[in-house]
Amino acid sequence: MEIKKKIKEAAALKYSPDDSAPKVVALGKGEIAEKILEAARENEIPIYENPELAHTLNALSIGDEIPPELYEIVAQILVFVSDLDKLQGESRHGL
């Protein structure tokens, strides 16, 4: 029995309060997914790992807004990122 190795998938989202929903700005599988993650690390962009969500987002196209059924999980991720930003800001300012 052959065990299939799961191909890594990645997606990058962008959200601004002016947007009606977060938008997909990058998608990739395999080597491209690794490059997306590498670019995020280099630019100190928080990475949230959720293989199922990455797979679902990879069915969309770049520039698409996320569908309503993903609002709750993406909102949780945005809170996670916001909390990280606050922690990093406090550590940068010695708080």
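Give the number of residues within the stretch 40-81 that are polar (S, T, N, Q) and surrounded by fewer than 11 Cβ atoms within 10 Å (Cβ to Cβ).
Initial filter on the stretch 40-81 (polar (S, T, N, Q)): 43, 50, 56, 58, 61, 76.
Narrowing further to those that are surrounded by fewer than 11 Cβ atoms within 10 Å (Cβ to Cβ): 43, 61.
Within the stretch 40-81, residues that are polar (S, T, N, Q) and surrounded by fewer than 11 Cβ atoms within 10 Å (Cβ to Cβ) number 2.
Only one of (1) under 15 Å from the mean Cα position of the chain (by Cα); (2) part of a helix (DSSP H, G or I) is not met by GLU69, so which one is it?
(1)
Do you know which residues across the stretch 40-93 are free of Cβ contacts under 8 Å to residues at least 12 places away in the same chain and more than 22 Å from PRO17 (Cβ to Cβ)?
Of everything in the stretch 40-93, those that are free of Cβ contacts under 8 Å to residues at least 12 places away in the same chain and more than 22 Å from PRO17 (Cβ to Cβ) turn out to be ARG41, GLU42, ILE47, GLU49, GLU52, ALA59, GLU90, SER91, ARG92, HIS93.
Are any residues in the stretch 44-66 at pLDDT 95 or above and part of a loop (DSSP other than H, G, I, E, B), and if so, which ones?
Answer for the stretch 44-66, where residues must be at pLDDT 95 or above and part of a loop (DSSP other than H, G, I, E, B): ASN58, ALA59, LEU60, SER61, ILE62, GLY63, ASP64, ILE66.
Residues to consider are LYS86, LYS35; find the one that is part of a helix (DSSP H, G or I) and surrounded by 13 or more Cβ atoms within 10 Å (Cβ to Cβ). Please lay out each step first, then the result.
Numbers: LYS86 fails: surrounded by 13 or more Cβ atoms within 10 Å (Cβ to Cβ).
Answer to the check: LYS35.
The values are calculated or read from the model by the stated rules, or taken from the named source; none is laboratory data. Only a predicted model underlies this, so the values are computations on that prediction, with no experimental measurement involved. Please note: Cβ atoms are built from the backbone with ideal geometry, for glycine as well, and neighbour counts cover all protein chains shown.
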